[in-house]
1. Return yes or no: is LEU436 crowded, with 16+ Cβ neighbours inside 10 Å, in contact with a helix residue (DSSP H, G or I) (Cβ under 8 Å, 6 or more places away or on another chain) and assigned to a loop (DSSP other than H, G, I, E, B)?
2. Out of segment 57-74, which residues are within 27 Å of LEU2 (Cβ to Cβ) and among the polar types (S, T, N, Q)?
3. Within segment 400-433, restricting attention to residues that are part of a helix (DSSP H, G or I) and within 19 Å of LEU353 (Cα to Cα), which residue is nearest to the chain's Cα centre (by Cα)?
4. Among the listed residues ASP70, ASP64, ASP38, identify the single one that is under 13 Å from the mean Cα position of the chain (by Cα), within 24 Å of ALA317 (Cα to Cα) and surrounded by fewer than 19 Cβ atoms within 10 Å (Cβ to Cβ).
5. When segment 396-418 is examined, which residues are found to be of a type in the set (A, V, I, L, M, F, W, C) and more than 15 Å from ASP448 (Cβ to Cβ)?
6. Kindly provide the set of residues from segment 433-452 that are farther than 18 Å from SER383 by Cβ and aliphatic (A, V, I, L, M), ordered by number.
7. Which ones in segment 226-271 are among the β-branched types (Val, Ile, Thr) and either part of a loop (DSSP other than H, G, I, E, B) or closer than 30 Å to TYR287 by Cβ (or both)?
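The values are calculated or read from the model by the stated rules, or taken from the named source; none is laboratory data. Given the structure is predicted, the values throughout are model-derived calculations rather than measurements. Cβ sites come from the backbone with ideal geometry, for glycine too, and all protein chains shown count toward neighbours.
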Amino acid sequence: MLRTVLPRLAALFLAAVHLVVLSAPPAAAQRNIAIVRDAEIEALISEYARPILKAAGLARSGIDIVLVNDRSFNAFVAGRRIFIHTGTLTDAETPNEIIGVIAHEAGHIAGGHQERLRQQIQRAQTMAIVAALVGIGAGVAGAASKSGGLAQAGVGIAAGGAEVARRGLLGYQRSEEATADRTAIDYLNATGQSAKGMLTTFERLAGGLALAGVNVDPYQISHPMPRERIANLQEVARKSLHFDRKDPPQLQLRHDFMRAKIAAYTQGANAVTRLFRSDPRGLAARYGDAISTYLHGNPGAALKKADALVAELPRNAYLQELRGDILIKANRPLDAANAYAKAIALAPGRPGLLQVGYGQALMATGKPDLVKKAASELQTGLSREPEFANGYRYLAQAYGQLGDIPAAELATAEGHFHSGQYRDAKLFALRAQKQLKPGSPGWLRAQDIIQYKQPG
């Protein structure tokens with residue numbers, strides 16, 4: 001199940017047109033973006049990223065990939081996280097295109113570009129401030145001497161200094177983007193993968209600009225123009241022994257399933273039809289149709305479509321997850337729980353998100369023994385996915401049904417905490433702590449929430 005979880009820098013630095021990948025978003029933007037959680041998509045993207053991160057020397061660096069619910073084609077890095085828009089995933093027709101995006105972003109992290117960008121921003125700010133102060137001084141002198149020309153010159157000095165600082169920063173960003181592009185090709189070569197997907201991405205962007213009639217000043221943006229990037233990369237990319245290597249058919253099918261799921265959840269059945277108009281009866285098109293029917297149609301019809309897919313792909317964990325989602329909607333929680341259990345058994349690594357779904361279904365049965373098991377499954381799932389805020393709501397409900405009010409209060413506090421609602425989190429943590437044994441694990445966790453101070 002696709003789950004959605006829920007600015008700007010100084011104007012001096014925002015003249016850039018973000019053509020594909022950003023080095024670092026504003027902090028405020030990070031707080032406002034809508035995050036998507038889905039076990040199937042996350043497993044696939046992790047598989048794409050694993051060899052690239054290893055080649056970049058980042059395999060043990062705790063890099064997370066975060067999916068952003070946004071229709072535009074974009075990706076960026078912030079800290080140790082790579083953010084990828086869902087629009088990027090649906091627009092990319094092959095796994096190789098997404099792998100190229102990940103390789104580029106890994107190049108930013110491995111190259112320490114974020115830290116150097118911060119230094120460049122500070123330098124540009126200093127230049128702008130100095131220019132402004134000089135301009136103010138000239139303006140004051142002009143006013144004191146009643147010289148309009150000198151006052152106007154002061155304004156010009158301030159504006160010109162800010163422009164020099166801005167252009168310098170944008171030029172620096174363009175050079176870092178070009179470096180990340182070349183580094184990405186090194187990672188692709190090291191992992192035996194083609195750079196054709198990167199070129200395809202830039203060609204799509206260039207075509208989009210041409211169709212939109214956009215006339216961009218190349219000196220006013222933070223990224224090289226797509227055609228420039230293609231020209232810089234084409235020769236070295238084509239020299240690779242892996243340039244003509246295609247993605248394995250099974251990986252391509254999983255990629256298409258991902259695209260179908262995102263399209264169905266975010267844009268509806270018509271988007272799925274458009275996406276797979278060349279193969280309307282293919283597995284991916286039918287998967288998207290089954291999801292659309294589950295979301296907007298009859299659960300019985302959706303279940304028939306899902307069952308038909310399961311008959312062809314009996315080892316696909318996420319078809320069982322879809323069956324579980326449908327059966328919950330059909331008010332058949334016990335059957336849903338069985339479907340989620342099959343999904344967990346089939347999925348590598350027992351994904352925490354699937355365990356949360358399993359626990360939710362068990363809780364919906366209302367049977368005391370299964371509600372107790374639900375609390376255990378939810379707790380286990382959340383231990384694997386501690387930032388999945390919505391899961392704590394189900395855990396609180398399960399503890400509430402079992403009559404364990406302190407645990408329910410603490411789970412509610414956790415949900416608020418991981419949603420960024422710190423005031424409510426502290427309130428519920430205080431309520432839980434009053435009922436918990438001092439020094440117990442729950443009491444200590446409540447204390448951590450109560451004493452938490454927001455950074456910055």
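1. Working: crowded, with 16+ Cβ neighbours inside 10 Å: yes; in contact with a helix residue (DSSP H, G or I) (Cβ under 8 Å, 6 or more places away or on another chain): yes; assigned to a loop (DSSP other than H, G, I, E, B): yes.
Spelling it out, LEU436 is indeed crowded, with 16+ Cβ neighbours inside 10 Å, in contact with a helix residue (DSSP H, G or I) (Cβ under 8 Å, 6 or more places away or on another chain) and assigned to a loop (DSSP other than H, G, I, E, B).
2. Across segment 57-74, the qualifying residues are ASN69, SER72, ASN74.
3. Here is the first cut: in segment 400-433, the ones part of a helix (DSSP H, G or I) are 400-402, 405-418, 422-433.
Restricting the remaining residues to those that are within 19 Å of LEU353 (Cα to Cα) gives 411-412, 414-418.
Numbers: ALA411: 25, THR412: 25, GLU414: 22, GLY415: 20, HIS416: 21, PHE417: 20, HIS418: 16 Å.
So the residue we want is HIS418.
4. Numbers: ASP70 fails: within 24 Å of ALA317 (Cα to Cα); ASP38 fails: surrounded by fewer than 19 Cβ atoms within 10 Å (Cβ to Cβ).
Of ASP70, ASP64, ASP38, the one residue that is under 13 Å from the mean Cα position of the chain (by Cα), within 24 Å of ALA317 (Cα to Cα) and surrounded by fewer than 19 Cβ atoms within 10 Å (Cβ to Cβ) is ASP64.
5. Going through segment 396-418, the residues of a type in the set (A, V, I, L, M, F, W, C) turn out to be 396, 398, 402, 405, 407-408, 410-411, 413, 417.
Those that are of a type in the set (A, V, I, L, M, F, W, C) and more than 15 Å from ASP448 (Cβ to Cβ): ALA396, ALA398, LEU402, ILE405, ALA407, ALA408.
6. Listed by number, the residues that qualify are LEU436, ILE450.
7. Within segment 226-271, the first condition is being among the β-branched types (Val, Ile, Thr), and the residues that meet it are 230, 236, 262, 266.
Within segment 226-271, ILE262, THR266 meet the criteria.
Let's see how each residue does on (1) in contact with a strand residue (DSSP E or B) (Cβ under 7 Å, 6 or more places away or on another chain); (2) at pLDDT 95 or above; (3) part of a helix (DSSP H, G or I):
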| residue | (1), (2), (3) |
| --- | --- |
| HIS18 | no, no, no |
| ALA29 | no, no, yes |
| GLU40 | no, yes, yes |
| ARG50 | no, yes, yes |
